[in-house]
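Asks: Shown below is the structure under consideration.
The values are calculated or read from the model by the stated rules, or taken from the named source; none is laboratory data. These figures come from a predicted structure and were not determined experimentally. Heads up, the Cβs are rebuilt from the backbone with ideal geometry, glycines too, and the neighbour counts pull from every protein chain shown. With ligands, DNA and RNA removed, areas are computed over all heavy atoms of the protein, side chains included. Shrake-Rupley method; radii C 1.70, N 1.55, O 1.52, S 1.80 Å.
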Amino acid sequence: MSRSGRSPVTLMAVLVSTASAGAWPPTVIDFDTYPDGSMVQPSDRFTTQYSTVGVEFTDGGATGPAPSGNPCSISPPNHAYATTIVAYFVDPCTGIQSATDYAGTQQDSCWAPGEGIDMYWYDANGNLLDHQFNSGGGNFVALSTPQPVIARLEMQCILQGIDNFTFSEPVAVLRGDMDCNGLLEIEDVEPFVLALINAPAYMAAYATCDIRRADMNCDRKEDGLDVQGFTDALVP
């Protein structure tokens, strides 16, 4: 179910279906400030700056979209622009790839026929969940799913920038589950210790896991400062 220029009845159905899933109200990124309150600079590229709220960006290559100071921005001065913009949803604590149940974006307010944002939502396996063409000045389009399965949102920008990127908080990773069996238990102690003292050995032994699960205090590091959090989680 996608949200665009729908009837009031359809729009209400979307609101009801999304209000009980994920974090509500959702997070809105205006591309003018970062989560720490610092201002976006004209030379910036949007990559991992919003990872702590649950999303990372790329322009389809090694960098990310650029801020575009533009009077057409919905929330001035900036929106994000690149020919291709891909948003990956991540666990806000660790940065491990995750999924959400609601994601969409608004385009800038200046529009001419043929312009717009071609939007594609995918799950973690690369299956296309929905495709919508966002057309019209300031138009907003989003996808809501019954379960958090949206892993990435790809946008082809046709003479339009994206603004007010909106999404529900992605699913949190079970931190401390170092053998990735879906449980936090005594069997995780050994791999947790290994991750802290010998990261290469851990990654070799648990190739299908992500060492960032050892980041218990959300400082984006795996070190001795995580021990207390691991102990507290294991023995509540």
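Asks: What list of ³J(HN,Hα) couplings, whole Hz, do you get for region 187-203 from phi and the Karplus terms 6.51, -1.76, 1.60, once you set θ to phi - 60° and write x for glycine and proline?
Replies: Result, rounded to whole Hz: 5, 7, 4, 4, x, 5, 4, 4, 4, 6, 9, 8, 4, x, 5, 4, 5.
Asks: Give the angle, between 0 and 90 degrees and rounded to the nearest 10, that separates the Cα long axis of helix 8-19 from the longest principal axis of the Cα atoms of the chain.
Replies: The angle comes out near 10 degrees.
Asks: For D130, which sequence-distant residues (separation of 5 or more, or a different chain) have an amide H within less than 5 Å of its own amide H, given hydrogens modelled in the peptide plane?
Replies: W121
Asks: Then there is this: Any idea how far the Cα center of region 164-225 sits from the one of region 72-133, in Å?
Replies: Here the two parts' Cα centres lie 28 Å apart.
Asks: Shifting gears a bit: With every protein chain kept in the model, how would you rank S43, S38, S98 by accessible area, 1.4 Å probe, largest at the top? Kindly include the intermediate steps, with their values, before the conclusion.
Replies: Values: S43 105, S38 45, S98 20 Å².
Putting S43, S38, S98 in descending order of accessible area: S43, S38, S98.
Asks: Quick one: length gained pulling N127 to A62 fully straight, 0.36 nm per residue minus the C-alpha distance? Before the final figure, lay out each step's value.
Replies: Working: separation 65, 0.36 × 65 = 23.40 nm, distance 2.31 nm.
That works out to 21.1 nm of additional length.
Asks: Once phi is turned into θ = phi - 60°, what whole-Hz ³J(HN,Hα) does the Karplus curve with 6.51, -1.76 and 1.60 give for every residue of region 133-143, x standing for Gly and Pro?
Replies: 9, 7, 10, x, x, x, 5, 10, 9, 9, 10
Asks: So for the chain, averaging the separation of alpha carbon pairs under 8 Å that are six or more residues apart and normalising by length, what relative contact order in percent results?
Replies: That works out to 20 percent.
Asks: Got a number for carbon plus sulfur as a percent of region 82-200's accessible area, 1.4 Å probe?
Replies: 54
Asks: I've got another one for you. What is the list of residues in region 132-168 whose amide nitrogen lies under 12 Å from a point 7 angstrom out from the Cα of D118, following Cα to Cβ?
Replies: 132-134, 155-159
Asks: Counting only heavy atoms of protein chains, what accessible area per residue, in Å², does region 109-212 have with a probe of 1.4 Å?
Replies: Roughly 47 Å² per residue, with all protein chains present.
Asks: Ok, one more. Let me cross-check S109: its accessible surface, 1.4 Å probe, with only protein heavy atoms counted, in Å² to the nearest 10?
Replies: Counting only protein heavy atoms, S109 exposes about 60 Å² to solvent.
Asks: Could you compute how much accessible surface C72 exposes when probed at 1.4 Å, giving the result in Å² to the nearest 10?
Replies: Taking all protein chains as shown, C72 has close to 20 Å².
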